[in-house]
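The block underneath contains the structure these notes are about, expressed in structure tokens.
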Amino acid sequence: MNETQSRALVPVKRSLVPRDKPSSGEIDLVQEDTYINNREQVRKFLPDILGKILARIWIDPEFHDMFSHDPEGTLLRNGVHLPETMSIQFQKEQTNRPRIVVYEQAKGSKFKVRIFYLQLIMMAGR
């Protein structure tokens, strides 16, 4: 039965991919499924989402392992849908500062353009 024929009192928006629901004490990456459609939206919305991911990676080893092996799949399972031209790479150099890099690659092109990256930086103030 499609949504126009549904007899539900409250319409339910269905996602193509089931979202992982956080257990108690974990954070939600987004409130509802988020579809990011172009480079401008990637620059506007994705830094906040990836900032939450960096914070969660720092305290949650299971999430760290999941994200490091499949960053785009992890985002998708948590309700963040990216354009096909965007890719995400998780890097962890010799230091304990993970870095998330977002690239754009046009269809048919061999070259990737870095859109932005996020990295935890320790700062001391006085």
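Under the shape rule built on the C-alpha gyration tensor, where the axes satisfy a ≥ b ≥ c, segment 33-119 is prolate, since a/c reaches at least 1.5 and a/b is greater than b/c. Once both labels are positioned 7 Å from their Cα atoms along Cα-to-Cβ, the gap between I115 and T85 label points is 1.0 nm. The order of F90, F67, going from fewest to most other C-beta atoms within 10 Å of their C-beta, is F90, F67.
Backbone N atoms of segment 82-126 closer than 13 Å to the 7 Å Cα→Cβ label point of W58 belong to residues 96-99, 119-124. Each of Y117, Y35 has some number of other Cβ atoms within 10 Å of its Cβ, and from fewest to most they run Y35, Y117.
Computed from the coordinates by the stated procedures, all read-outs in this text should not be read as laboratory data. As the structure is a prediction and not an experimental result, all values here were calculated from the model. Every residue, glycine as well, gets a Cβ built from its backbone with ideal geometry; the counts of neighbours run over all protein chains shown.
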